[in-house]
Amino acid sequence: MMKQCLFTIEQNIIIKTPVPEKGIVCSNPERTLRISSHFLENPCMKIQSWGLGVITGKIVRGGLSEDFFFAYAPMGASGSAMAFHELFAAGAKEVVRLGSNDVWVTEEDMNSLVLISEARGLRGVSWDLGIDEKDVDHPLLPDHDLHRRLMERCRLSRFQYSERVCFNVDDYHAYLYPERMEAPQRIQQRLATYNACAPYCRDMETASLFLKANQFGKKACSVLQNVVKQKDELPYEGSTGDRAKANENTIAEIVINAML
């Protein structure tokens, strides 16, 4: 168990003003802009610098309103870890990552989501945080109560989900196209290890979120949408892109209801 973090907003580089206690973070700025404009009343872009954006406003439910934020963080473990660090230091207490699954996704997968039960494989950020070498590869866990609430909301919404182990990757393309790498057999060996946990998922930000939430003693979970990315169009273009954007609002609604 890590000690309570001593960092405060005074050490922040980018986020210099407090943020609401609850919020959703994506690594896709366009997704953040879409769902924040859909769900927030009077959204306001408070921070937009160095690949980090924070939009604040209120979410109204049944005549009651609650302060909430949507943010986008840089892709990858190190950049997102800095963003998560500053969000927690600025007052965030409960954060859910709404990302996308980095394994090969088909159209049949689209009407389901992934709730991450644990994250593994975060080495660089863990090392820099001072975690002992023998503990670097230990699983990083989401907040139990928030994870339970997300499962309940999925069931109430009748939206299919699976709980999966998530492996952190720093080179997105290497694991999708190992045959194009200089040492494909090494990537295949890692994939074989991952497959021992099948069905599993991969992404580039969840592990750093869980690590930073643990460092600050805050709550965090991660939800991955199944988006078709391997196609001639951009992920959110064409028929599968339209389906992804429709599901995006449904999944965001599930997450918001779980948090509120």
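The values are calculated or read from the model by the stated rules, or taken from the named source; none is laboratory data. The model shown is predicted, which means the values in this text are computed figures rather than measured ones. Virtual Cβ from ideal backbone geometry, glycine too; neighbours counted across all protein chains shown. These area figures cover heavy atoms from the full protein model, side chains too; ligands, DNA and RNA do not enter into them. Shrake-Rupley method; radii C 1.70, N 1.55, O 1.52, S 1.80 Å.
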Most fluctuating residue given options Gly99, Gly124, Gly79, as computed from a GNM of the chain linking Cα atoms under 10 Å: Gly124
DSSP loop GluC sites (Glu not before Pro) in the stretch 172-241 with at most 16 other Cβ atoms within 10 Å of their Cβ, which ones? Glu182, Glu233, Glu237
Could you order Met82, Met204 by accessible surface area, starting with the largest, using a probe radius of 1.4 Å? Met82, Met204
Which shape class applies to the stretch 123-260: rounded if a/c is under 1.5, otherwise prolate when a/b exceeds b/c and oblate if not, where a ≥ b ≥ c are the square roots of the Cα gyration tensor eigenvalues? oblate
With every protein chain kept in place and a 1.4 Å probe, the stretch 1-138 has an accessible area per residue in Å² of 50
Please report how far the C-alpha centroid of the stretch 14-65 lies from that of the stretch 97-121, rounded to the nearest whole angstrom. 23
Relative contact order for the chain using alpha-carbon pairs under 8 Å, separation at least 6, rounded to a whole percent? 25
Sort the stretch 1-136 into rounded, prolate or oblate with this rule: let a ≥ b ≥ c be the square roots of the eigenvalues of the Cα gyration tensor; rounded if a/c is under 1.5, and if a/c is not under 1.5, prolate when a/b is larger than b/c, oblate otherwise. oblate
So what does the Cα-only Debye profile of the chain read at q = 0.07, 0.16 Å⁻¹, as log10 I(q)/I(0), no solvent term? -0.23, -1.26
25 Å Cα-Cα reach of Lys46 towards lysines, excluding residues that sit fewer than 8 places from it in its own chain: Lys16, Lys22, Lys58, Lys93, Lys212, Lys218, Lys219, Lys245
Sparsely packed trypsin sites (Lys or Arg not before Pro) within the stretch 192-260, loop by DSSP, other Cβ within 10 Å at most 13: Lys231
Given the DSSP H assignment, sum -39500 (n - 2.57) over each helix run of at least 4 residues in the chain and divide by its residue total; what's the result at 222 nm in deg cm²/dmol, nearest 500? -11000 deg cm²/dmol
